[in-house]
Amino acid sequence: MKNFKPTFYKNVDDIAGEHDFFKISIDYNGNLVLLTEKEEKGKYLYKIFHFISGETRIIEIPSVSYSFEFAQPIEENWLLVSSRIDDDEGPINNATIYDVQGNALDTFSFGDAIEDVQTTKNSEIWVSYFDENMDYGLRCFNIQGLETFNYIDFVKKSNNEIPYIACCYALNVNSDETVFIYYYNEFPLVKIEKDTYEIFENIPIQGSHTFAINNDFALFSHDYGSKGEVYLYSLHNRSKKKIYTMDQEGKSLNYKHAVGRDNKLFLTKDKVIYLIELENILSEI
């Protein structure tokens, strides 16, 4: 058991001004993306803050009547996606591509019950789903919104060696070629690399919603019933280490939410964002 101080990264209030809701994600280069929402007269105003090499790029989206939970760069534009669609109203497009001036360029549907969205340098769009939509689990789309990968078909091609997804808890699009997922109900970690796969079974961490990964190590956010902890797991030795996160004053960080991609894990507590790079954890153990 060990203590670790993540690096203070940003305070949302210092950046975003007035807002009702915010959500963070990570782009394909490891840069932080902050999406803020403000409701005004029954509509929603969104701002995207993209942090690149000390610079903050801001994209404002004109008011819309529906909500978005995910923002990712795609080519020179931005993809915004809503987690839910209203089946009572029939098929609804819940993904829109905007240019940097906030003009809508295209719209399409990724289906209901979306857990996460991550884009790649090659303009692939990976979408994972939670347990209110067990028809897909994981899919990939091209920039025209056409499906190019379906996890159920992938499982069938493996002669059902790969477990089906009941609820995709965590997605980590590591590169254009490599995707990792971690999911219910047995919580395996599965590596997908083009048409091949590798299954890491019996992960002794259940209920984590994100992870960072680097070579033979994965760093998971807190699991069921725990707060303020991260777990370093060796894929080679199959060993787990519990690490307590501390704030800059040495108090328990007790973070509420985390996002991970490639080797980075961003944590949030209230309006403060912290960063853990997996290499820094490894250098201290």
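Data table
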{"quantity": "Accessible area of Lys194 in the full protein assembly, 1.4 Å probe (Å², nearest 10)", "calculated": "150 Å²"}
{"quantity": "Most mobile of Gln72, Gln248, Gln206 in a GNM of the chain (Cα contacts under 10 Å)", "calculated": "Gln248"}
{"quantity": "Estimated FRET transfer efficiency (Lys271, Asn215; beta-carbon r; R0 41 Å; 0.05)", "calculated": "0.80"}
{"quantity": "Global geometry of the stretch 245-285, whether rounded, prolate or oblate, following the gyration tensor of its Cα atoms and the 1.5 cut on a/c", "calculated": "oblate"}
{"quantity": "Of all DSSP beta bridges in the chain, antiparallel share, percent nearest 5", "calculated": "95 percent"}
{"quantity": "Note, ³J(HN,Hα) from phi for the stretch 191-197, Karplus 6.51, -1.76, 1.60, rounded to Hz, x at Gly and Pro", "calculated": "9, 10, 9, 6, 9, 10, 8"}
{"quantity": "Set Lys121/Lys256; Lys2/Lys251; Lys5/Lys241; Lys2/Lys227 screened for pairs whose C-alpha atoms are more than 20 Å apart", "calculated": "Lys121/Lys256"}
{"quantity": "Gain on full stretching of the segment that runs from Ser283 to Ser53 - 0.36 nm per residue minus C-alpha separation", "calculated": "80.4 nm"}
{"quantity": "Cα→Cβ-extended label distance, 7 Å offset, between Gln101 and Tyr224, nm", "calculated": "5.2 nm"}
{"quantity": "HN-Hα J in Hz across the stretch 14-23 - Karplus 6.51, -1.76, 1.60, θ = phi - 60°, x for Gly and Pro", "calculated": "6, 9, 8, x, 6, 7, 9, 7, 9, 8"}
{"quantity": "Gyration tensor verdict on the stretch 40-129 (Cα atoms; rounded if a/c is under 1.5, prolate if a/b is larger than b/c, oblate otherwise)", "calculated": "oblate"}
{"quantity": "Nonlocal amide H pairs with Met246, under 5 Å, H built at 1.01 Å", "calculated": "Phe4, Lys5, Leu253"}
{"quantity": "Fully extended contour minus Cα-Cα distance, from His257 to Phe108, at 0.36 nm per residue", "calculated": "50.8 nm"}
{"quantity": "Cα centroid separation - the stretch 6-26 against the stretch 181-204, whole Å", "calculated": "31 Å"}
{"quantity": "Table column - 3J(HN,Hα) (Hz), the stretch 217-225, Karplus curve with 6.51, -1.76, 1.60, x for Gly and Pro", "calculated": "10, 10, 10, 9, 6, 4, 9, 3, x"}
{"quantity": "Assigned charges on the beta-carbon of Lys, Arg, Asp, Glu; the chain dipole about Cα centre (debye)", "calculated": "1060 debye"}
{"quantity": "Those lysines that a straight Cα-Cα span of less than 27 Å connects to Lys156, excepting residues fewer than 8 apart in one chain", "calculated": "Lys191, Lys194"}
{"quantity": "The stretch 46-72 versus the stretch 257-275: alpha-carbon centroid distance in Å", "calculated": "17 Å"}
{"quantity": "Cut-off of 10 Å, at most 15 other beta carbons, DSSP loop: longest stretch of the chain lacking such GluC sites (Glu not before Pro)", "calculated": "19-74"}
{"quantity": "Chain lengthening between Asn150 and Lys43 when straightened (0.36 nm per residue, less Cα-Cα)", "calculated": "35.1 nm"}
{"quantity": "Size descriptor, Kirkwood hydrodynamic radius, that averages inverse alpha-carbon separations across the stretch 1-56, Å", "calculated": "13.0 Å"}
{"quantity": "Per-pair calculated FRET efficiency, R0 = 41 Å: Lys5 and Ala166 via Cβ, rounded to 0.05", "calculated": "0.70"}
{"quantity": "Listed residues Thr107, Thr119, Thr210, most fluctuating in the chain (Gaussian network, C-alpha, under 10 Å)", "calculated": "Thr107"}
{"quantity": "The stretch 131-285 - convex hull of alpha carbons, volume per residue in Å³", "calculated": "133 Å³"}
{"quantity": "Helix-derived mean residue ellipticity, 222 nm - over the chain, DSSP H n ≥ 4, -39500 (n - 2.57), to 500", "calculated": "-1500 deg cm²/dmol"}
{"quantity": "Normalised convex hull volume, the chain, alpha-carbon set, Å³ per residue", "calculated": "137 Å³"}
{"quantity": "For Ile203, distant residues with modelled amide H under 5 Å away", "calculated": "Leu189"}
{"quantity": "Cα→Cβ-extended label distance, 7 Å offset, between Tyr66 and Asp195, nm", "calculated": "3.6 nm"}
{"quantity": "At 1.567 mPa s and 4 °C, Stokes D of the stretch 154-244 from Kirkwood alpha-carbon radius, µm² per second", "calculated": "96 µm²/s"}
{"quantity": "Surface per residue (accessible, 1.4 Å probe) for the stretch 30-104, Å²", "calculated": "49 Å²"}
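The values are calculated or read from the model by the stated rules, or taken from the named source; none is laboratory data. If you're wondering where the values come from, they're calculated on a predicted model, not measured in any experiment. When we count neighbours, we look across all protein chains shown, and the Cβ atoms used for this are built from the backbone with ideal geometry, even at glycine. Accessible surface is based on the protein model in full, side chains and every heavy atom, while ligands, DNA and RNA are left aside. Shrake-Rupley method; radii C 1.70, N 1.55, O 1.52, S 1.80 Å.
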